[in-house]
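*Asks:* One structure, as structure tokens, below. Some questions next.
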């Protein structure tokens, strides 16, 4: 699953009173989705990076008290727990994120497990509605980690998270991440996460986002690209490839380019197959992920156009009724573009479209029936 899918699991786990365990490499955005969940639900967020903590940081400092004439050792409440308690007293829930659980020292790990399983640390008890989330790095050669007991894992909801270039690009566009980095990942989706080799530096969604911020800075301030900064951000092996891409950057195709291509084609001829051939030639250099991204961009442009049409269901097959004088070329460009997608990509796109916007899906079906005897649908179902 990707990080956004993991975020959905947080809601279910919180509702059920369970503890989710997010398993994933560094830089995926594990901490970020926990903070987002807290913000969206008006919760206090307390993040503990266990690999950086010693026993006193987690448990608090032992203090000596006198009970009558008997000296007793108690643990002073740690500052992180005090913040959770104070928020609870004000009626605000907290989310406690225990990060890098399997990289903690043995003593910190032992205390953390008591937190996870019992919501307590020695004599200190967490507020009952505290939502605990934990995360670990995978057990492979890139990480020095401790194995968790199977009995502990059995009491957690394990979420295996992977770097997903499609999900990252979707997020990056909403976050207005530098378009050159986004387009590089669209062209090279396998570079979203690379492992470090021979002591070198790998990449992650976090490192690409950091590089994008650097590019924003130099472009606003009209500074030249610093090769060493790029190497320090994404590693030496990828830096040369990215710098070449950056220096020879050409903006990727946009929805407007697809619509313009159809308009030019429709002026020359009225044959659907020739429209499709012209579109295929235009998008031929694109990678599969770029084609899917362009389909989503085109959909966003065409949706307002289709919203002004009416789906006529009183006759079979269904048809579309257009507003008088409406320019249909944008809608037709969208349909022709979908005809050019590889069958696997088209099937995935249509499935997601039906789930997310059934009205658009039904109108597209009607248009396909009018224009090409449901050729689009027949391609998907293999008839």
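The values are calculated or read from the model by the stated rules, or taken from the named source; none is laboratory data. What you see is a predicted model, and the numbers here were worked out from it, not measured in a lab. We place every Cβ from the backbone using ideal geometry, glycine too, and count neighbours over all the protein chains shown.
*Asks:* Out of curiosity, is residue 113 part of a helix (DSSP H, G or I) and more than 19 Å from residue 51 (Cα to Cα)?
*Replies:* Against the criterion (part of a helix (DSSP H, G or I) and more than 19 Å from residue 51 (Cα to Cα)), residue 113 does not qualify.
*Asks:* A follow-up question, please. Which of the residues that make up region 269-282 are farther than 22 Å from residue 326 by Cα and in contact with a helix residue (DSSP H, G or I) (Cβ under 6 Å, 6 or more places away or on another chain)?
*Replies:* 276, 278, 279, 280, 282
*Asks:* If you don't mind, there's one more thing I want to ask. Filter region 287-317 for residues that are in a loop (DSSP other than H, G, I, E, B) and touching a helix residue (DSSP H, G or I) at 6+ places or on another chain (Cβ under 7 Å); which is nearest to residue 167 (Cα to Cα)?
*Replies:* 287
*Asks:* Do any residues in region 85-112 that are at positive phi and in contact (Cβ under 8 Å) with a residue 12 or more places away in the chain have Cβ atoms under 6 Å from those of residues that are surrounded by 20 or more Cβ atoms within 10 Å (Cβ to Cβ) and in a helix (DSSP H, G or I), where the two are at least six apart or on different chains, and which pairs are they?
*Replies:* 100/50
*Asks:* Kindly indicate the residue of region 49-69 that is part of a helix (DSSP H, G or I) and in contact (Cβ under 8 Å) with a residue 60 or more places away in the chain and also nearest to residue 106 (Cα to Cα) among those meeting that condition.
*Replies:* 50
*Asks:* One residue is enough: does region 20-35 have a residue meeting the conditions in contact with a helix residue (DSSP H, G or I) (Cβ under 8 Å, 6 or more places away or on another chain), free of Cβ contacts under 8 Å to residues at least 60 places away in the same chain and more than 20 Å from residue 108 (Cα to Cα)?
*Replies:* Checked region 20-35: at least one residue is in contact with a helix residue (DSSP H, G or I) (Cβ under 8 Å, 6 or more places away or on another chain), free of Cβ contacts under 8 Å to residues at least 60 places away in the same chain and more than 20 Å from residue 108 (Cα to Cα).
*Asks:* Based on this model, can you work out whether residue 182 counts as surrounded by 14 or more Cβ atoms within 10 Å (Cβ to Cβ), in a helix (DSSP H, G or I) and at pLDDT 90 or above?
*Replies:* So residue 182 fits the description; yes.
*Asks:* Quick check on my filter: what residues within region 151-166 are in a helix (DSSP H, G or I) and either crowded, with 19+ Cβ neighbours inside 10 Å or without any contact (Cβ under 8 Å) to a residue 60 or more places away in the chain (or both)?
*Replies:* If the condition is that a residue be in a helix (DSSP H, G or I) and either crowded, with 19+ Cβ neighbours inside 10 Å or without any contact (Cβ under 8 Å) to a residue 60 or more places away in the chain (or both), then 151, 152, 165 are the ones that fit.
*Asks:* Given the options 128, 145, name the one that is crowded, with 17+ Cβ neighbours inside 10 Å and either free of Cβ contacts under 8 Å to residues at least 12 places away in the same chain or closer than 23 Å to residue 32 by Cβ (or both).
*Replies:* 145
*Asks:* Residue under question is residue 134, and the condition is that it be part of a strand (DSSP E or B), in contact with a strand residue (DSSP E or B) (Cβ under 8 Å, 6 or more places away or on another chain), within 22 Å of residue 46 (Cβ to Cβ) and in the same structural domain as residue 38 (by TED's automatic domain parsing); does it hold?
*Replies:* Yes; evaluated as a whole, the condition is true for this residue.
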